[in-house]
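Heads up: the structure comes next, in structure tokens.
Just so it is clear, none of the values below were taken in a lab; they were calculated from the coordinates. Quantities reported herein were computed from a predicted structural model and do not represent experimental measurements. So basically every Cβ, Gly included, is an ideal-geometry build from the backbone, and we count neighbours across all protein chains shown.
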Amino acid sequence: MAALENKIDFVALISVTNANCNGDPTDGNRPRTDLNGRGEISTVCIKRKIRNRMQDMGHAIFLQPDDNCKDGHKSQRERADKELKGIKDQNEFAKAACKKWMDVRSFGQVFAFKKKGNDGDGVSVGVRGPVTVHLGVSMSPVDIAEMKITKSLNGEPGETRGRDTMGTINFVRFGLYEIKGAINVQLAEKTGFTREDAAVVKECLRTLFVNDASSARPEGSMEVVKLYWWEHNCKDGQYSSAKVHRSVHVTPKNVEGLPQCVDDYEIALDELPGLTPEIIDGL
């Protein structure tokens, strides 16, 4: 495994068409928006999708969903206890966790478990990961559509037909979202994150929506349009992440009305002397 020696920045542009990319449970699962009407995708949602892709690619991850648990453990506590075999030293615990699970050495993890009665010790270990991801934000305000639905079939014994249940589904008509992130070399050295791990993260971003379809996100409604991947020539980077991320410009071609597809945007890239990105088409 080759150590990561150069800072990495990335920007992914993703399109959403007639789908709920990230519902807000405090707002009836309506797609998230800010006060200006721009769509949002939480960092938790983005990292969940990256973890799912890591798992699909055969890598061990710590935060496994219940419906796709690969190791049979029923909780994070059980997974940590059984896989790390009761390691007490905090530094050794963190080192072993990073070696075992790709998502821990990528994103970091807080292990905070209570004591188990009088025969066990609590665990409180924090790992800072080198991969950071920004909140996904749409390039323009998005149109949130609302559709009423009904259920007229009997769900329980003894129910009488005709007692319809009303419901609502919400979705984004169209949105082009930008996801930004970076990989820090100093933190990668601490967690053991390698160049090979960085290549996995890149592939996860390129294929972010593989095996992600659901009734709220039908197959083909979510697409990675472009992935920009900058590898600097030094640990600290030739430019700040903010300046690198700002070099991608996404501008609506028509100032009137909301864009309806990717072609309604002009996508341009500033030249940064000495730093050229790899530009990758999404799957």
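When the Gaussian network model of the chain links Cα atoms closer than 10 Å, the mean-square fluctuations of ALA112, ALA182, ALA94 top out at ALA112. Distance between the modelled labels on GLU196 and CYS234, one decimal in nanometres: 3.0 nm (7 Å Cα→Cβ projection). Is any residue of segment 32-53 close enough, with backbone N under 19 Å, to a label point placed 7 angstrom from the Cα of SER214 along the Cα-Cβ axis, and if so, which? Within reach of a label on SER214, which here means backbone N under 19 Å from a point 7 Å along Cα→Cβ, segment 32-53 contributes 32-33, 39-53. Amide H to amide H distances under 5 Å link LEU4 with ARG195, where only residues 5 or more positions off or on other chains count and H is placed in the peptide plane. 3J(HN,Hα) couplings calculated from phi for segment 81-93 with the Karplus curve 6.51 cos²θ - 1.76 cosθ + 1.60 (θ = phi - 60°) are, in sequence order, 4, 7, 7, 9, 6, x, 5, 9, 5, 4, 5, 5, 4 Hz; Gly and Pro show x.
Quick one: plug the Kirkwood hydrodynamic radius of the chain (C-alpha pairs) into Stokes-Einstein at 20 °C, 1.002 mPa s, and report D in µm²/s. If you can, show how the numbers build up before the last one.
On the way: Rh = 21.1 Å.
It diffuses with D of about 102 µm²/s by this estimate.
Relative to the current alpha-carbon distance between CYS261 and ARG246, full extension at 0.36 nm per residue lengthens the span by 3.2 nm. Ranking of ILE279, ILE144, ILE41 by neighbouring Cβ atoms within 10 Å, starting from the fewest: ILE279, ILE144, ILE41.
In order along segment 34-51, the phi-based Karplus estimate (6.51 cos²θ - 1.76 cosθ + 1.60, θ = phi - 60°) of 3J(HN,Hα) comes to 8, 5, 9, x, 7, x, 9, 10, 5, 5, 4, 4, 5, 5, 4, 5, 5, 4 Hz; Gly and Pro are listed as x.
Remark: segment 193-200, residue by residue, has Karplus-estimated 3J(HN,Hα) of 5, 10, 4, 5, 5, 4, 5, 5 Hz, where x stands for each Gly or Pro and the curve is 6.51 cos²θ - 1.76 cosθ + 1.60 at θ = phi - 60°.
Which length gain, in nm to one decimal place, applies between ALA2 and GLU78 when the Cα-Cα distance is subtracted from 0.36 nm times their residue separation?
Details: separation 76, 0.36 × 76 = 27.36 nm, distance 3.16 nm.
Result: 24.2 nm gained on full extension.
Label-to-label distance for ASN68 and MET166 is 3.6 nm, based on points extended 7 Å past Cα in the beta-carbon direction. For LYS85 and VAL110, the FRET efficiency from 1/(1 + (r/R0)^6), where r spans their Cβ atoms and R0 equals 25 Å, is about 0.80.
From least to most packed, judged by other beta carbons within 10 angstrom and beginning with the fewest, MET54, MET166, MET102 follow the order MET166, MET54, MET102. Between the amide H of ARG32 and those of ASN22, ASP24, GLU40, distances stay under 5 Å, these residues lying 5 or more places away or on another chain, with hydrogens modeled in the peptide plane. Ranked for footprinting exposure by Cβ neighbours inside 10 Å, fewest first, ASP270, ASP212, ASP67 give ASP67, ASP270, ASP212. For GLY129, the residues whose amide H sits under 5 Å from its own are GLY108, GLN109, ignoring neighbours fewer than 5 places away on the same chain, with H placed 1.01 Å from N. The calculated 222 nm mean residue ellipticity attributable to helices in the chain amounts to -6500 deg cm²/dmol, summing -39500 (n - 2.57) over DSSP H runs of n ≥ 4 and dividing by all residues.
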